[in-house]
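Data first, discussion second: the structure below is written as structure tokens.
The values are calculated or read from the model by the stated rules, or taken from the named source; none is laboratory data. From a predicted model like this one, the values you see are computed outputs, not experimental measurements. No Cβ is skipped: glycine too gets one built from the backbone with ideal geometry, and neighbour counts run over all protein chains shown.
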Amino acid sequence: QDHKTLGIVALLANDALNIAVIGGATDAAKAAGWDVKVTDTQASADQANAAMNNFAAQHVDAIFVLAFASSSIGSGLAAARDAHIPVGTWGGEIVPGIVATTSGRQVGDDSVKYLLEKTGEKANVLAMTFHPGKLCIDRGVAFDEGVKGKAGVKVDYSEVVAPGQVQFGNATAAAWLTAHPAGGDAPLAIWSCWDEPMQGAVAALRQAGRTDVTTVSINGSAQALQLVKEGDMTATVWQPAYQEGKEVFQAILDSMKAGESWQPKTIEIPGVVVTKDNVDKFMAEHPNGM
Amino acid sequence: MSATVSAADAWMRIRGLTKSFAGERALDRADLDIERGRVHGLVGANGAGKSTLIRCLAGVTTPDQGSVTIAGNELQMGSPQASERAGLAFIHQELNLIPHFSALQNMLLGAPKTTRFGMIDWKRSGVAARAAAERVGIRFPLDTKVSELSVAQRWLVMIGKALTRDASMIAMDEPTASLSEPESEQLFAIIRDLAAQGVAILYVSHRLEEVLQLCDRITVLRDGRIVSQAERGALDKKGLVRAIIGHAIRTPDARDRLAADRSRQPVFSARSIAWKQAVKDVSLDLYKGEVLALGGLVGAGRTEFAHLVAGLARPEAGHLELDGKRLDVANPSEAVKAGIALVPEERRSQGVMLQQSVAFNINISTLKLLRSVPGLPFLSDAKSRRQAESLVAHLGIKTPGVTTKIAGLSGGNQQKALIARWLNAGTKLLILDEPSRGVDVGAREEIHDAIRALARSGVGILVISSDVEELTLLADRVLVMREGRVTGELTGADITEARIIELSYHDAHDDQGEAA
Amino acid sequence: MTAETVPAAKEAPQPRKSSWKRTALIGLSRYGTIIGLLLMVLFFSINAPGVFLSRANFLNILSQASLTAIIASGLTYTLVVGEFDLSIGYVASFVGLIVTGLMAYEGFPIWLSIVCALALGSGIGVLNGLLVTKVRINAVISTLGIGTMLTGIGFTYSAFPIATGIPRAFTGISLGRIVFGLPNPVIIMVVMLLALWTVLNKTDIGQKMQAVGSNMEAARLSGIRVDRIKIFAFATAGFCAALTGTLLSSLLGSGTLAAADGYLLDAFAAVFLGSATLREGEFHITGTLVGVLILAVGFNGLSIFGAPTHFQPIFKGGILVLAVGMSALARRYAASA
Amino acid sequence: MTAETVPAAKEAPQPRKSSWKRTALIGLSRYGTIIGLLLMVLFFSINAPGVFLSRANFLNILSQASLTAIIASGLTYTLVVGEFDLSIGYVASFVGLIVTGLMAYEGFPIWLSIVCALALGSGIGVLNGLLVTKVRINAVISTLGIGTMLTGIGFTYSAFPIATGIPRAFTGISLGRIVFGLPNPVIIMVVMLLALWTVLNKTDIGQKMQAVGSNMEAARLSGIRVDRIKIFAFATAGFCAALTGTLLSSLLGSGTLAAADGYLLDAFAAVFLGSATLREGEFHITGTLVGVLILAVGFNGLSIFGAPTHFQPIFKGGILVLAVGMSALARRYAASA
Ligand SMILES: Nc1ncnc2c1ncn2[C@@H]1O[C@H](COP(=O)(O)OP(=O)(O)OP(=O)(O)O)[C@@H](O)[C@H]1O
Ligand SMILES: Nc1ncnc2c1ncn2[C@@H]1O[C@H](COP(=O)(O)OP(=O)(O)OP(=O)(O)O)[C@@H](O)[C@H]1O
Ligand SMILES: [Mg+2]
Ligand SMILES: [Mg+2]
């Protein structure tokens, strides 16, 4: 076969952000005349390693892994290295065998910065974190650093349960809102590592008829944009996932050209904080969130 | 088959009914006529096809071939609803009640009267059920949960259920297997009464005496075929047995009973055993070589006593001795280790492991003997097979092979396999609770032979049976229990049906027919 | 058939030695889960009186509980007939997606979309039922298989969440408070549970379901069409899952892939918690409701307390084991007392 | 009127009418899943000969199957004794985290960490067993409860992945190929499955397990200590889960929260697929292995084909229903043939 093949290992193939990354990488690869194969791992690291091994066994020409920590794909990386297949990751970190990656820190930093702008340095915040996922770990670290040393900011952490993240966000926020009635001494805010738990939280706000809470999450999914547009949600930090997918593939191509001289690189594309002010313009520019 | 005694225009005409299971004919071109107002007996060895015939009529088994017409109308096969609509009611062989439903709910199951919106009209539907309960002699409140009833009481509920159906035919598959004398008598009265009112009765039983006594006509099935039909009085018991199993059996009319040698130490003794309301101050001694039987009405506490001995429950008072040594068993495992084994009353639920092979069922209590190397837990297939085969041969268990699933064996042969389980297990005391329930005459005789042989070989044997005839045939000595107490002991020539029944009612004249 | 219950069968009932202790133990075994629920409510009320013990919060808890209660009650039906449904979470997610798609892509009016959604859910339930009864595939396999397939089909239908083009009034369904100022989902839950309870306990088909579940062979011999009854139970489970999925979409204002997958485990936990209530080891609607409330109150109370995040699962697991364990132990001691 | 007796009809048993069709149907019902597996292999081999049909890819499939096969075999044990274990996935995740923690934080040598990990898993299994047999909590509740608690405890232990401070040699365990050039996990799987198969089929305790599973009451009366046998089965399930968790951590090169949670559903699917193999409705190690291989071959083949992602769940669900449905239908027709 004269076609080259890119193997993509998706964290969750039905997640909007994954879809955008896959879309970016796929479009770039197609443009370069490559074939693309996608494997869904249903967020299982074991499946991710299996998928990488499968790709290695098929001698694909490059592998692109989404949202798994580089420390979680040890055997997959080893198999790729043995087969001399370059690996790019999205939201991983640079370890031997990886030619390019993106960072999840940037959007995390943006989100917490914006949140504190809205509430000021004195606030009660509900933070919904998620540690099994690499992306969320990075964003969570960004959040922690953003609020560190701010004595006025009191954070209640809540670890999201998935599957069931939407429900979880709903139930958690509902209870937290009860414990934090409107008209308290400090502004209230909810931060979520990604949009889905926030969707549940926003529903809880609506159920309780509350409008006094700043809500900020990350991803910029279609629902989140819609919620921002309708004024139910304060902001979502759009991650330029499509662009990231494209650029990681480009980096892989470059690395193949460069050969031995290639320096692994971390791609950082700033996100966009989408609020009511810029949502219409943003949605016009990015239909489907891409 | 040549023309039978029936008229051509019989009420129900069964023609050419054939059913195979996994290629094996269970019912082979059976023709049978049934008249209203008559009691039709259906007999045959285990596996002869009696229940299959009844299940075909009930629509729960679909025959491969054959037809049934009722008063000229063809009955739709394989539909329980069609059978019910045709006025057929059934008492099936296995207890089929919903344990956590009340007796009333069970009696109405499948045909409750409903009001609008499908709501159940308990009041209205209760009337018929209460009348039926009255008739069967149910004395307990109908809102009692079935799980709280004794086995005999459950059968009364089953019978009552069939009676609530306003049926033109009732088929009864071994209804008396779990009943004792008084309940059976009451059932016979009901049957005669129903027949007098024009209901047809199809009656299946292994208790040939009652079949001869009750039925207007007897049909004998063998290997799925109808081999003989006779009107009342045309057959005696010997003839019936011959028709069922193809040859006569030895009748142990003048058999010697072993007199216990009371000078020697008993193999097993119970001293003033008591437990809850069920067992009160029971003491007994069992001597080497004898078959000791416990008689009495259903619910007399015999099964409970057996459970106490076998470690399923702990006596609240009294103690047990085995070979003169005091025994305290906390669970069945300890009892088995000490040498006490129980062949339980409920063969299906407590005895056989149905999906497993004959060999598995036989070997399960003697796994230690079957190891390849003593001390290591690995089993030798050869040893397992050899032990199973030798026991199968020893007890004359009829099976295609020891690897056959035990579910494929007849009840009698399953029962023999359960006895075989204990033959190599170092058993000192073997308790057999209702060893021939649901077992045909031929197999019963073989089981009795096996039990006697075991007793003579030195194993202490304690038999519990509600079948008075069986007690007289098998026992060297009979203890009769009533309401948890031993009310009398019979030995030698005293062991007669009359004496046993008399003792069963001992000082209980005012509440005969009590079910519990 | 354990000895725990007094054999009412005896003709002349001997006065049963009923000690105070035994009565207490029986009570504990029957009402253990309910007592656990009340203790939890009491504990949180004492320790967070202003916040936990308020009308608003109680409505809040009920709202949270309502979706789980509906889906869990459907699951209860399948367990009553002795089967199993692992597809409910996937069905809810799938239907929740489709119902928004019907509005957003097909332009169906709200009522028609909901009718289609509920019909779809019931249809999937019927399919499950047919696979289990007619093809005789073990329920674990068939419902897991169908559920897994639905995930893929949902993805094919719309890889992207459906958020635009959904009428505002659809969202209003779950946000409104039409009756007595109670949130609509609570009203819907009450109506559904009453209906399911009545069917199960007061109608012919309910009796038949219970009969099928406790002794299928006996039920068959009593002329009950076992297969139909089971299919009915699966269809009900599908219907309930579809209702939960629809309400969830309404609550979120969008159709999201996999949004309701998490209901599966919660529903199972609730139903089995409930089966330790009142009657041993039987599944029933009342018990399921108690189970759902235990989980909802626990979650709510702990969140209000701001308990450390890892505490939620520890508590949730603990309450399952403790509430049922307490009942079970009490039952054992009552039997031997 | 005299009795009219027909002479004994069959002295010599009639030769069994075994038609060709019947034999085929029985074969299909027994070997349906295996046939399904072979057809899949055939299909992929024909359509992707170079890639699918290679030693490397077969080893690859076996490697991937090995972890699921181990945990599913443990689950098989609990199903053989008539119980259930919903905690296995959580146990594997938890133990996988702890084993890396022991090396990274406590500085334990590799062998000791693994011994502790396996002991921990078995201990959790024993706890499950005790709750089920002694406290008599329904296995669904107790194992779900314990599993949920483990999630929280794991989070407390380390919310972040444990990736640094793990000896390179630990990763080598699952990456190495010590015997015959086969990946170590494959060797470990073969050894484990052989051991579990032997215990189940060739030893005292295995026979007792089967007895307990087929008729608990009868087993008790045969002198078997039912509780101990069940606890043993749960302990084995815990051990296998711990082994899978440990191997997973070695494969990943890190300890990650919830990494092995997904094994639960896969293991269930595999075990129930397997129970339709050879013997009807019985759980056994051979069947489980077939089930695991079906899932692994399917996953591998589809990804080689580059089937669209949504196709993977549709295929997976479809194969479950089809493989088992085919066996079930064949069984029905064979019975009535
Ligand atoms: N569902 C079934 N599947 C396979 N074989 C069956 C089934 N039901 C009955 N058989 C077989 O059909 C034959 C006839 O059985 P049936 O139950 O009719 O005998 P029976 O005369 O009622 O015996 P018994 O006196 O023991 O009740 C037996 O060989 C039995 O094993
Ligand atoms: N767990 C129990 N607790 C209290 N009483 C019980 C219990 N089980 C049974 N009984 C009662 O003990 C009495 C004896 O019943 P049992 O079944 O032992 O009699 P049996 O003589 O063995 O009769 P069968 O011939 O039916 O075996 C019955 O009245 C029964 O209701
Ligand atoms: Mg019969
Ligand atoms: Mg008895």
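Can residue B:437 be described as within 16 Å of ligand 2 (Cβ to nearest atom) and away from chain D (no Cβ under 13 Å)? Judged against the criteria, residue B:437 is a match.
The numbered conditions (1) within 15 Å of the chain's Cα centre (by Cα); (2) in a helix (DSSP H, G or I); (3) more than 17 Å from residue C:141 (Cβ to Cβ) are all true for residue D:232 except (1).
Out of B:279, B:309, one residue alone is touching a Phe, Trp or Tyr at 6+ places or on another chain (Cβ under 6 Å), within 16 Å of ligand 4 (Cβ to nearest atom) and aliphatic (A, V, I, L, M). It is B:279.
State whether the residues of the stretch A:200-215 include one that is out of contact with any Asp or Glu (no Cβ under 7 Å at 6 or more places or on another chain), more than 14 Å from chain C (Cβ to nearest Cβ), in contact (Cβ under 8 Å) with a residue 60 or more places away in the chain and on the phi < 0 side of the Ramachandran plot. For the stretch A:200-215, residues out of contact with any Asp or Glu (no Cβ under 7 Å at 6 or more places or on another chain), more than 14 Å from chain C (Cβ to nearest Cβ), in contact (Cβ under 8 Å) with a residue 60 or more places away in the chain and on the phi < 0 side of the Ramachandran plot: present. Evaluating residue B:120 against the criteria (1) within 9 Å of chain C (Cβ to nearest Cβ); (2) farther than 26 Å from residue B:191 by Cα; (3) in contact (Cβ under 8 Å) with a residue 40 or more places away in the chain leaves one unmet condition, (3).
Residues that are touching a Ser or Thr at 6+ places or on another chain (Cβ under 9 Å), under 23 Å from residue B:303 (Cβ atoms) and either part of a helix (DSSP H, G or I) or away from ligand 2 (no atom under 16 Å from the Cβ) (or both) are absent from the stretch B:126-139. The set of residues from the stretch B:392-425 being outside any helix (DSSP H, G or I), at pLDDT 90 or above and within 24 Å of residue B:458 (Cβ to Cβ) comprises B:397, B:421, B:422, B:423, B:424, B:425. Just checking, does the stretch B:32-43 include any residue being within 16 Å of ligand 3 (Cβ to nearest atom) and of a type outside the set (A, V, I, L, M, F, W, C)? The answer is yes, given that some residue of the stretch B:32-43 is within 16 Å of ligand 3 (Cβ to nearest atom) and of a type outside the set (A, V, I, L, M, F, W, C).
The combined condition, being away from ligand 3 (no atom under 16 Å from the Cβ), part of a loop (DSSP other than H, G, I, E, B), crowded, with 24+ Cβ neighbours inside 10 Å and among the polar types (S, T, N, Q), is not fulfilled by residue B:436. The residue list B:106, B:96 contains one member that is within 14 Å of chain C (Cβ to nearest Cβ), buried (at least 23 other Cβ atoms within 10 Å of the Cβ) and more than 16 Å from ligand 2 (Cβ to nearest atom), which is B:106.
If the condition is being more than 14 Å from chain C (Cβ to nearest Cβ) and either surrounded by fewer than 18 Cβ atoms within 10 Å (Cβ to Cβ) or within 22 Å of the chain's Cα centre (by Cα) (or both), then the stretch B:310-320 contributes B:310, B:317, B:318, B:319. For the stretch B:336-346, the tally of residues that are facing chain D (nearest Cβ under 7 Å) and either within 16 Å of ligand 1 (Cβ to nearest atom) or closer than 18 Å to residue B:416 by Cβ (or both) stands at 2. When residue D:126 is tested against the conditions (1) among the aliphatic types (A, V, I, L, M); (2) within 17 Å of residue D:260 (Cβ to Cβ); (3) surrounded by fewer than 24 Cβ atoms within 10 Å (Cβ to Cβ), the lone failure is (2).
Only one entry in B:407, B:388, B:443 is among the aliphatic types (A, V, I, L, M) and more than 16 Å from ligand 3 (Cβ to nearest atom), namely B:388.
In a residue-by-residue description of the stretch B:249-264, the property of being more than 13 Å from ligand 4 (Cβ to nearest atom), crowded, with 20+ Cβ neighbours inside 10 Å and more than 23 Å from the chain's Cα centre (by Cα) applies to no position. Scanning the stretch D:81-101 for residues that are surrounded by fewer than 23 Cβ atoms within 10 Å (Cβ to Cβ) and assigned to a helix (DSSP H, G or I) turns up just one, D:101. Residue B:102 meets the conditions (1) within 23 Å of residue C:228 (Cα to Cα); (2) polar (S, T, N, Q); (3) free of Cβ contacts under 8 Å to residues at least 60 places away in the same chain in every case but one. The failed one is (1).
Quick check on my filter: what residues within the stretch B:340-386 are assigned to a helix (DSSP H, G or I) and within 16 Å of ligand 2 (Cβ to nearest atom)?
B:347, B:348, B:349, B:350, B:351
Looking only at residues that are more than 7 Å from chain D (Cβ to nearest Cβ) and of a type in the set (Val, Ile, Thr) in the stretch A:33-72, which one is farthest from residue A:251 (Cα to Cα)? For the stretch A:33-72, the residue satisfying everything is A:41. Looking across B:349, B:333, one residue alone is free of Cβ contacts under 8 Å to residues at least 24 places away in the same chain, within 16 Å of ligand 4 (Cβ to nearest atom), out of contact with any Ser or Thr (no Cβ under 8 Å at 6 or more places or on another chain) and facing another protein chain (nearest Cβ under 8 Å). It is B:349.
In the stretch B:1-96, counting only strands (runs of 3 or more DSSP E) that sit wholly within it, the ones holding 3 or more residues that are under 28 Å from residue B:239 (Cα atoms) and out of contact with any Asp or Glu (no Cβ under 6 Å at 6 or more places or on another chain) span B:12-21, B:24-34, B:39-44. Of the residues D:319, D:304, which is closer than 23 Å to residue A:4 by Cα and either more than 7 Å from chain C (Cβ to nearest Cβ) or hydrophobic (A, V, I, L, M, F, W, C) (or both)? None of the other options fit; the residue is D:304. Of all residues in the stretch B:140-186, those satisfying the criterion of being in contact (Cβ under 8 Å) with a residue 40 or more places away in the chain, out of contact with any strand residue (DSSP E or B) (no Cβ under 6 Å at 6 or more places or on another chain), more than 16 Å from ligand 1 (Cβ to nearest atom) and small (Gly, Ala, Ser) are B:147, B:150, B:152, B:160, B:168, B:180.
Pairs are defined by a Cβ separation below 6 Å, a sequence spacing of at least 6 or placement on different chains, a first member in the stretch B:278-296 that is buried (at least 24 other Cβ atoms within 10 Å of the Cβ), and a second member that is hydroxyl-bearing (Ser, Thr, Tyr); the pairs so defined are B:296/B:504. Return the residue satisfying two criteria in turn: it lies in the stretch B:264-304 and is at positive phi and more than 14 Å from chain C (Cβ to nearest Cβ), and of such residues it is nearest to ligand 1 (Cβ to nearest atom). Looking at residues that are at positive phi and more than 14 Å from chain C (Cβ to nearest Cβ), I get B:296.
Report yes if residue B:362 is away from ligand 4 (no atom under 16 Å from the Cβ) and buried (at least 22 other Cβ atoms within 10 Å of the Cβ), otherwise no. Yes, satisfied.
Each row is one residue, and each column tells you yes or no for (1) away from ligand 4 (no atom under 16 Å from the Cβ); (2) within 14 Å of chain D (Cβ to nearest Cβ).
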position: B:176; (1), (2): no, no
position: B:181; (1), (2): no, no
position: B:188; (1), (2): yes, no
position: B:191; (1), (2): yes, no
position: B:195; (1), (2): yes, no
position: B:206; (1), (2): yes, no
position: B:214; (1), (2): yes, no
position: B:219; (1), (2): yes, yes
